[in-house]
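Attaching a single structure in structure tokens format; questions to follow.
The values are calculated or read from the model by the stated rules, or taken from the named source; none is laboratory data. All of these numbers come straight from a predicted model, not from anything done at the bench. Counting neighbours? That spans all protein chains shown, and the Cβs are built from the backbone with ideal geometry, glycine included. Areas reflect the complete protein model, heavy atoms only, side chains present, ligands, DNA and RNA absent. Shrake-Rupley method; radii C 1.70, N 1.55, O 1.52, S 1.80 Å.
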Amino acid sequence: MPGKPAVLVTPESPVPLSVWSSRYWFGNSDVTWLKHLIAGGVSGAVSRTVVSPLERMKILFQVQSKGTGTNYSGVFGTLAKIWREEGIAGYMRGNGTNVVRIVPYSAVQFAT
């Protein structure tokens, strides 16, 4: 019938909740803290992953020694050398450890 809603929701008819709804898991309790905890952890992991190539380059600059034959000089030259020698995995080397370290920290910081 035109003009009538496809689904009529009344207080007597329960609406099925999505698994992604916080009310599905916690009822009507306030779980804002949990949402903030998860959002902080995810944002920390994403931010560390985005800057991972620059972190790797910084570490290579710090640990290089004179006379070893492996010289890293300049940002673009170092990034190109990592790409040539190790591929995309070279940019992400050590990122897992950084993510494991930063997720709890950023989750708590964002939730409090």
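One line per residue, one yes/no per condition, for (1) assigned to a loop (DSSP other than H, G, I, E, B); (2) at pLDDT 90 or above; (3) on the phi < 0 side of the Ramachandran plot:
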residue	(1), (2), (3)
V7	yes, no, yes
V15	yes, no, yes
K35	no, no, yes
S43	no, yes, yes
R48	no, yes, yes
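Let me ask something else about it. Would you check which residues across the stretch 74-112 are of a type in the set (F, W, Y) and either under 15 Å from the mean Cα position of the chain (by Cα) or at positive phi (or both) and list them?
Of the residues in the stretch 74-112, the ones of a type in the set (F, W, Y) are 76, 83, 91, 105, 110.
Across the stretch 74-112, the qualifying residues are Y105, F110.
If you scan the stretch 23-33, which residues turn out to be touching a helix residue (DSSP H, G or I) at 6+ places or on another chain (Cβ under 7 Å) and at pLDDT below 80? Show your work before the answer.
The initial filter retains those residues of the stretch 23-33 that are touching a helix residue (DSSP H, G or I) at 6+ places or on another chain (Cβ under 7 Å), namely 31, 33.
Result: V31, single match.
Go through (1) open to solvent by 80 Å² or more (accessible area, probe 1.4 Å); (2) part of a helix (DSSP H, G or I) one by one and return the number of the condition S73 breaks.
For S73, the failing item is (2).
I'd like the residue in the stretch 76-112 that is modelled with pLDDT of 90 or more and among the aromatic types (F, W, Y) and, out of all such residues, is surrounded by the most Cβ atoms within 10 Å (Cβ to Cβ).
Ranking the candidates gives Y91 first.
Considering each residue of the stretch 76-112, count those that are without any contact (Cβ under 8 Å) to a residue 12 or more places away in the chain and either within 23 Å of G41 (Cα to Cα) or assigned to a helix (DSSP H, G or I) (or both), and give that number. Outline the logic, then answer.
Narrowing the stretch 76-112 to residues without any contact (Cβ under 8 Å) to a residue 12 or more places away in the chain: 76-77, 80-81, 83-89, 96-97, 100-101, 112.
Among the residues that remain, those that are also either within 23 Å of G41 (Cα to Cα) or assigned to a helix (DSSP H, G or I) (or both) are: 76-77, 80-81, 83-86, 88-89, 96-97, 100-101, 112.
Count: 15.
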